1. How far, in nm, would the chain grow between GLU35 and ILE23 when pulled straight, counting 0.36 nm per residue and subtracting the alpha carbon separation?
2. Have a look at GLY37, GLY64, GLY18 and tell me which one the Gaussian network model of the chain (Cα, springs below 10 Å) gives the largest fluctuation.
3. Quick one: how many lysine pairs does the stretch 2-86 have with C-alpha atoms less than 16 Å apart and a gap of 8 or more or different chains? Give me the count, please.
4. What is the Rg over Rh value, at two decimals, for the chain, using alpha-carbon atoms and the Kirkwood definition of Rh?
5. Between ILE13 and GLU58, what length in nm is gained on full extension when 0.36 nm per residue of separation is reduced by their alpha carbon distance?
6. Using only Cα atoms, locate the centre of the stretch 11-42 and the centre of the stretch 43-69, then give the distance between them in Å, rounded to an integer.
Amino acid sequence: MAKIISAVYGKEIEVEDGSTLHIIKDEFDVPFGCEDGICGTCTMEVLEGIENLTERTEAEKEFGLKDPDRLACQCRIKHGTIKIKHY
């Protein structure tokens, strides 16, 4: 099991390894607009565990994000723990 921690709410949730981060939409009130990596509404800062996420997608590269920022709609958590700050 993987773990996602919200630095904003101090809340953590467990998810299956390999899960998308779409769960944070409801659990942490993170807005998801297009869900295709185009709008940027789900931008988050990965405070810890960025190595536990899948590689940056082409959509993220085109969006121009640099570490530690990622688009939640484009990520999967491979394993372990990540701590995020969402805007």
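Read the figures in this text as sums done on the coordinates, not as results from a lab. Predicted, not measured: the structure shown is a model, and the values here were computed from it.
1. That works out to 3.1 nm of additional length.
2. In the Gaussian network model the winner is GLY64.
3. Pairs that pass both the separation and distance tests number 11.
4. Radius of gyration over Kirkwood radius for the chain works out to 0.91.
5. Result: 13.5 nm gained on full extension.
6. Cα centroid to Cα centroid, the span is 13 Å.
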